[in-house]
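Step one of this worksheet: look at the structure below.
The values are calculated or read from the model by the stated rules, or taken from the named source; none is laboratory data. Computed from a predicted structure; not experimentally measured. Accessible surface areas use protein heavy atoms only, side chains included; no ligands, DNA or RNA. Shrake-Rupley method; radii C 1.70, N 1.55, O 1.52, S 1.80 Å.
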Amino acid sequence: MASVQPHRVRPGRGTELLLLVPALGIGIAGYVLTGLGATGSVPPHVIAYAAGTTVLAFTVHVVLRLRAPYADPVILPVVVALNGIGLAMIYRISIAYAARGRADADIADRQLAWTAISVALAIVVLLVLRDHRTLRRYTYTAMVVGLVLIVLPLVPGLGQTINGARIWVRVGPVGMQPAEFAKIALAVFFAGYLVTHRDTLALAGKRVVGLQLPRARDLGPILVVWAASLAVLVLQRDLGTSLLFFGLFVAVLYLATERTSWIVIGLLLFVGGAAVAATAFGHVGARFDVWLHALDPEIYNRSPGGSGQLVAGLFGMASGGLFGTGLGQGRPDLVPFAYSDFIVASLGEELGLTGLIAILLLYTILVERGLRTAIGVRDGFGKLLAGGLSFVIAFQLFVVVGGVTRLIPLTGLTTPFLAYGGSSLVANWMIAALLLRISDEARRPVPAVRAIATPDIGIPVAGPGRSRPAGNGRSTARPGAPAADAGGAPLRTSTPTRDDGTDGPAPDDNPTELLGGEDR
């Protein structure tokens with residue numbers, strides 16, 4: 001006969017510390033090999049670089065030991081490895097730019113500074129946010145913040161158009177992509193909204209041709225998000241951000257309702273809207289022309305909006321072959337924006353198909369650990385938030401890699417943790433911090449609930465028309481029960497109260513909020 005044995009959950013900080021060693025080694029070794037391949041010598045500041053990245057990684061590790069001891073032990077090493085690979089490739093491209101006398105040859109130093117800022121903000125998230133469920137209080141605030149961030153690039157004098165897409169905001173010398181932070185705010189809003197309305201969205205509606213169709217009035221939220229994503233596509237000329245926002249909402253909607261019909265409806269709405277936009281608006285149609293006819297001479301030589309960048313990236317990955325040219329041995333600098341939009345092509349050239357697959361596997365592990373966190377956490381809001389943030393990383397990676405390889409039209413999104421850009425790096429490190437915080441709750445053992453004996457209180461007597469208590473006023477409590485008061489009624493034990501002050505158990509959506517245990 002099988003028996004159930006208790007399983008003691010280990011915090012996992014030792015495993016994390018062990019995994020951080022090869023994760024840091026990948027980035028530092030890539031940095032050294034890049035210098036050797038490009039210049040024939042070890043980078044002069046490699047010791048300072050190694051010390052700085054090591055201090056940053058181990059600082060996060062120490063914070064997790066103190067503030068989130070049960071956090072997933074794999075997420076941080078994977079993020080550190082990806083960030084290190086990105087820093088090595090950006091350093092390689094900066095060497096090529098310096099040899100050509102370009103003004104933007106300092107991108108490696110700037111990206112290293114952004115890495116330090118990103119890690120510091122991730123630590124702030126871990127220290128300030130002690131419980132992820134606190135974010136549910138700001139569901140509609142997050143919606144407003146997300147929408148404001150989306151429309152910021154459209155404000156005259158504030159927004160800036162780069163490479164045909166109006167997705168940048170610049171104040172003096174500082175520029176940022178608000179959409180990178182909007183995706184976090186919208187993930188919080190979608191999780192908070194759908195955890196409240198999931199029953200209506202999942203159960204109501206008619207079944208047609210095997211699909212559970214929602215009611216017309218329940219289509220309101222998805223139609224609003226569909227319209228907002230098309231507005232981003234048309235007004236900001238940004239197909240990637242539009243697809244990211246709409247895909248995030250459909251993914252969280254599916255997680256909340258488990259209805260395949262929402263995915264079918266979402267895909268039909270987006271494909272239909274994108275097709276109409278490609279026909280009605282020239283700048284959207286130009287993206288589709290580059291995608292479908294990249295090698296046509298007319299499209300290749302068109303200026304602006306030609307396919308030269310895309311074709312150069314494809315040729316670079318083709319020259320890398322199966323094992324790549326080697327770090328520092330290729331020519332990724334021939335591709336425009338090789339350090340940001342096309343860093344995947346740069347890595348494919350110098351690391352080859354094998355190296356690129358290894359990088360994609362790291363992303364797969366990161367997304368898997370996020371979804372594992374979503375399965376393990378015990379409240380509905382945490383499940384949807386962790387799942388939504390994991391899908392954000394997966395969708396963004398798909399959009400970038402799909403665009404570079406001509407699977408889908410090219411977009412202006414950046415590869416998480418790899419590509420150059422302060423906004424992207426800060427936002428994705430904050431996502432990693434949120435996943436670590438939620439995973440701490442998911443893996444933390446449930447504190448034992450002590451059973452309290454409840455005495456038989458009989459039938460009370462207080463006034464006319466009421467029966468006498470059982471046993472003529474004597475307590476009928478079993479031996480060992482609490483003593484009775486002077487009136488014969490047993491002493492009552494305290495009952496847990498909910499946040500609203502009423503007696504009773506905690507709501508199903510938050511089953512652990514009343515359990516005892518250490519301070520979170």
| remark: Rounded to whole angstroms and listed largest first, the alpha-carbon spread of the stretch 262-317 along its three principal axes comes to 39, 27, 14
| query | Stretch residue 171-residue 292 to full length: gain in nm at 0.36 nm per residue minus the Cα-Cα span? | reply | 39.9 nm
| said: Explain nothing, just the number: relative contact order of the stretch 1-154, from Cα pairs under 8 Å at least 6 residues apart, as a whole percent. | reply: 28
| message | I'd like the Kirkwood hydrodynamic radius of the stretch 383-452, using the inverse of the mean 1/r over distinct C-alpha pairs, in Å. | response | 14.3
| query | Just how far, in whole angstrom, is the stretch 52-120 from the stretch 237-271 if you go by their alpha carbon centroids? | reply | 32
| query | Can you give the accessible area of residue 117 in Å² (nearest 10), computed on protein heavy atoms with a 1.4 Å probe? | reply | 80
| query | So what is Rg over Rh here for the stretch 31-123, counting just Cα atoms and using Kirkwood for Rh? | reply | 1.05
| request: Per residue of the stretch 395-407, in order, report the coupling 6.51 cos²θ - 1.76 cosθ + 1.60 (Karplus, θ = phi - 60°) as ³J(HN,Hα) in whole Hz, putting x for Gly and Pro. | output: 4, 5, 5, 4, 5, 5, 5, x, x, 5, 9, 6, 6
| Across 5 Å bins from 0, what is the distribution of all Cα-Cα pair distances for the stretch 266-425, in whole percents? | 2, 9, 14, 18, 17, 15, 12, 7, 4, 2, 0, 0
